[in-house]
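Q: Have a look at the structure that comes next, please.
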Amino acid sequence: METSQILLNNGLTFLAVATGIMLVVVGGFLIKLIIDLSKLAQNVDETTTVVRNELRPTLRELNESLHTVNDFMKSTDKGIDKMRDTVENVFGFSTATLSKLKFFSGSLAKGLTKGFSTVLKMFSK
């Protein structure tokens with residue numbers, strides 16, 4: 001029985017040593033993974049900071065452009081109203097075509113404004 005106990009002890013010792021080596025190897029990979037994830041988080045933070053700093057002036061310019069387009073559309077609506085009144089007074093026929101033009105210019109301005117506000121909300125988060 002003594003030989004079987006020696007063999008059992010040797011087997012258990014080998015199992016303990018192999019388990020310890022595996023734990024050290026897995027621990028080393030986990031440490032490397034944590035270091036790589038930390039570097040990745042730093043790179044993502046730097047990238048978002050750069051994008052945010054570069055995007056803000058662009059969004060301001062886009063906002064100014066949309067305000068200009070919106071003002072242009074409003075002046076176009078006023079011009080169409082004046083033209084419709086003139087056509088009604090001079091020719092006296094239906095103004096359905098002119099009101100469709102006004103609707104189109106108004107819906108275009110609303111769509112541009114809505115799109116810009118959506119983009120601004122998306123990037124301001």
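The values are calculated or read from the model by the stated rules, or taken from the named source; none is laboratory data. Please read all numbers here as calculations on a predicted model, not as lab measurements. Note: ideal-geometry Cβ built from the backbone for every residue, glycine included; neighbour counts use all protein chains shown. Surface areas here come from the heavy atoms of the whole protein model, side chains and all, with no ligands, DNA or RNA. Shrake-Rupley method; radii C 1.70, N 1.55, O 1.52, S 1.80 Å.
Q: Scanning for something out of contact with any helix residue (DSSP H, G or I) (no Cβ under 6 Å at 6 or more places or on another chain), hydroxyl-bearing (S, T, Y) and over 22 Å from K121 (Cα atoms), does the range 70-86 turn up at least one residue?
A: The answer is yes, given that some residue of the range 70-86 is out of contact with any helix residue (DSSP H, G or I) (no Cβ under 6 Å at 6 or more places or on another chain), hydroxyl-bearing (S, T, Y) and over 22 Å from K121 (Cα atoms).
Q: Moving on. Can you find even one residue in the range 31-53 that is in a helix (DSSP H, G or I), closer than 17 Å to T113 by Cβ and open to solvent by less than 90 Å² (accessible area, probe 1.4 Å)?
A: Taking every residue of the range 31-53 in turn, none turns out to be in a helix (DSSP H, G or I), closer than 17 Å to T113 by Cβ and open to solvent by less than 90 Å² (accessible area, probe 1.4 Å).
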